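> One structure, pasted below without further comment.
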Amino acid sequence: MDIAIIGIGLYPFGRHEGVSAIEMGVGAANTALKDAGLQWTDMHLACAGSLEVLQPDTMNKHLGLTGIPFTTLYNGCATGGNLMLTTANALAAGVGDVGIAIGLDKHPRGAFSVGDTLESIGLGQWYGETGLALNPQFFAMKTQRYMHDHGITEETLHRTAQKAFQNGSVTETAWRRKALDYDEIANAPMVCDPLRKYHFCNPSEGAAAVVMCRADVAKRYTSNPIYLRADVFKTQTYGSFETLSPATPVRDAPSPVVRASAAAYEMAGIGPEDVDVAQVQDTEVGHEIMHMAENGFCKDGEQNAWIAEGATKIGGRLPINTDGGLLANGEPIGASGIRQVYEVCLQLRGDAGTHQVPNNPKVGYTQVYGFPGVSCVTVLST
Amino acid sequence: MQNFPPPHPYLGDARSFVPFGVGYIELAEGVRVESRLTENDAGRLKIGMQMELVIETFGRDADGNDVVTFAFKPTGK
């Protein structure tokens with residue numbers, strides 16, 4: 001891919017009473033434009049995505065009615081990565097030189113609801129009526145099975161959460177700024193066995209944006225562009241185990257994460273051993289642990305040793321979720337993937353301050369995953 | 001284990017909610033079916049254990065009729 005990121009913006013995730021998702025999206029976009037030293041009038045195209053906002057392209061009323069193509073899309077938790085991919089593809093296709101991708105959301109408190117009717121997500125109403133249409137059940141069952149098959153310990157779950165809140169405590173923009181003791185995490189109320197209260201992220205509010213351009217013109221705008229080496233979007237194949245599945249085949253197929261990751265490494269011409277800093281989807285600790293293997297960083301079952309030696313901490317051999325990830329930032333679904341990219345860009349620029357990974361990281365990696373079996377992976381480098 | 005009352009559109013009564021187990025049951029016919037489990041003590045459920053199909057009453061509708069669904073229970077074998 002010959003695409004560069006020249007501006008980044010975040011409307012910090014958390015709770016912002018009285019501020020609409022549109023306002024947060026506009027805030028993140030303006031921050032990204034300022035970071036790039038550009039104006040909205042310089043944008044040749046835009047993409048935006050959100051679960052809660054019906055038409056995020058109405059941000060143009062605040063940003064400027066400049067007549068540009070303004071695409072909207074929503075792909076669940078993979079929205080952020082796909083917003084960037086769609087922007088990159090449009091730039092590569094010659095629609096323009098410079099574009100912006102904006103993710104925004106504002107969710108009510110509590111676990112995500114499946115809405116009034118399950119028919120809108122291709123399921124029968126009975127599935128919700130009988131108490132089965134809940135994401136935490138899936139997270140718990142998939143984690144339970146993975147622990148059973150690969151010997152992952154409860155201690156590894158707790159230490160993964162502890163690392164997330166530790167990173168959140170040193171990240172100015174994080175929502176959860178309080179580090180938690182191991183015992184506080186281990187003794188927290190059980191939500192869905194084996195996952196406890198602090199093992200989960202919460203829905204939240206916020207926005208994130210990136211200004212992108214063709215790589216050959218990047219130096220016009222900034223002296224330190226971050227290059228998008230790969231951005232891959234994959235959906236499930238028959239047999240992968242996904243949330244909200246009333247039935248699955250006995251045959252197992254790899255998660256879309258595995259396929260997006262492999263394709264991204266191939267596109268970037270690197271391997272997992274070349275990654276210096278990574279952000280992976282940690283809707284709960286089980287998925288951060290499984291994603292360590294699905295993204296190729298370690299083998300199934302090696303996570304116990306990795307976590308015990310602190311390998312994924314800031315300063316470890318592969319720092320993961322350096323801003324506290326979803327656990328410490330919550331998940332505004334439309335914005336979450338771009339928050340990962342924002343954090344990796346800070347790290348690669350050396351601008352992450354109190355949560356900066358040492359030794360000048362050069363290659364970064366992001367990965368989102370969610371319903372209905374979707375994943376986006378990006379590879380970024382200086 | 002579903003330890004809290006499911007949100008809308010759950011038909012069970014949130015006030016009298018009793019936690020229930022959830023699992024995927026592999027059938028001999030070659031499919032895995034997601035189901036409520038009658039056992040709600042996680043310590044008594046094991047991956048690979050034998051299960052059998054039962055009908056479970058988990059709520060009551062506005063007219064006082066029982067709301068039933070399929071569920072699986074350990075065979076004890």
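> Cβ-Cβ below 8 Å, separation at least six or inter-chain, first residue in segment A:2-31 and over 15 Å from A:GLY99 (Cα atoms) and among the charged types (D, E, K, R), second buried (at least 24 other Cβ atoms within 10 Å of the Cβ) and modelled with pLDDT of 95 or more: which pairs?
Partner pairs satisfying both residue conditions: A:ARG15/A:SER204; A:ARG15/A:GLU205.
> Take B:LYS46 and decide whether it is surrounded by fewer than 18 Cβ atoms within 10 Å (Cβ to Cβ), assigned to a strand (DSSP E or B) and either more than 12 Å from chain A (Cβ to nearest Cβ) or not β-branched (Val, Ile, Thr) (or both).
no
Residue by residue, here is whether (1) surrounded by fewer than 20 Cβ atoms within 10 Å (Cβ to Cβ); (2) within 25 Å of A:ALA264 (Cβ to Cβ) holds:
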site: A:PRO189; (1), (2): yes, no
site: A:LEU195; (1), (2): no, no
site: A:ALA215; (1), (2): yes, yes
site: A:ALA218; (1), (2): no, yes
site: A:SER223; (1), (2): yes, no
site: A:TYR227; (1), (2): yes, yes
site: A:VAL232; (1), (2): no, yes
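> Among (1) under 21 Å from A:ASP252 (Cβ atoms); (2) small (Gly, Ala, Ser); (3) more than 8 Å from every other protein chain (Cβ to nearest Cβ), which single condition is B:GLY30 missing?
Unmet for B:GLY30, out of (1) under 21 Å from A:ASP252 (Cβ atoms); (2) small (Gly, Ala, Ser); (3) more than 8 Å from every other protein chain (Cβ to nearest Cβ): (3).
Rundown of residues vs (1) at pLDDT 95 or above; (2) within 14 Å of another protein chain (Cβ to nearest Cβ); (3) touching a Lys or Arg at 6+ places or on another chain (Cβ under 8 Å); (4) in a helix (DSSP H, G or I), yes/no style:
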{"site": "A:CYS47", "(1), (2), (3), (4)": "yes, no, no, no"}
{"site": "A:THR66", "(1), (2), (3), (4)": "yes, no, no, no"}
{"site": "A:GLY81", "(1), (2), (3), (4)": "yes, no, no, yes"}
{"site": "A:LEU85", "(1), (2), (3), (4)": "yes, no, no, yes"}
{"site": "A:ASN89", "(1), (2), (3), (4)": "yes, no, no, yes"}
{"site": "A:GLY94", "(1), (2), (3), (4)": "yes, no, no, no"}
{"site": "A:GLY99", "(1), (2), (3), (4)": "yes, no, no, no"}
{"site": "A:ILE102", "(1), (2), (3), (4)": "yes, no, no, no"}
{"site": "A:VAL114", "(1), (2), (3), (4)": "no, yes, no, no"}
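> Right, another one. Keeping to segment A:134-160, report how many residues are over 22 Å from A:ALA308 (Cβ atoms) and not in a helix (DSSP H, G or I).
1
Conditions tested, residue by residue: (1) at the interface with chain B (Cβ under 8 Å from one of its Cβ atoms); (2) surrounded by fewer than 22 Cβ atoms within 10 Å (Cβ to Cβ); (3) in contact (Cβ under 8 Å) with a residue 24 or more places away in the chain.
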site	(1), (2), (3)
A:ASP105	no, no, yes
A:GLU119	no, yes, no
A:GLY124	no, yes, yes
A:GLU129	yes, yes, no
A:LYS142	no, yes, yes
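> Please specify each residue of segment B:49-77 satisfying the condition of being under 13 Å from the mean Cα position of the chain (by Cα), within 14 Å of chain A (Cβ to nearest Cβ) and among the acidic types (Asp, Glu).
B:GLU56, the sole residue that qualifies.
> Check whether at least one residue in segment A:165-187 is within 14 Å of chain B (Cβ to nearest Cβ) and part of a helix (DSSP H, G or I), and report yes or no.
So far as segment A:165-187 goes, no, none of its residues is within 14 Å of chain B (Cβ to nearest Cβ) and part of a helix (DSSP H, G or I).
> Moving to a separate point now. Evaluate the following for A:SER245: is it within 14 Å of another protein chain (Cβ to nearest Cβ), crowded, with 19+ Cβ neighbours inside 10 Å and not aromatic (Phe, Trp, Tyr)?
Taking the combined requirement at face value, the residue satisfies it.
The values are calculated or read from the model by the stated rules, or taken from the named source; none is laboratory data. Given the structure is predicted, the values throughout are model-derived calculations rather than measurements. Because the Cβ atoms are built from the backbone with ideal geometry, glycine has one as well, and the counts that use them run over all protein chains shown.
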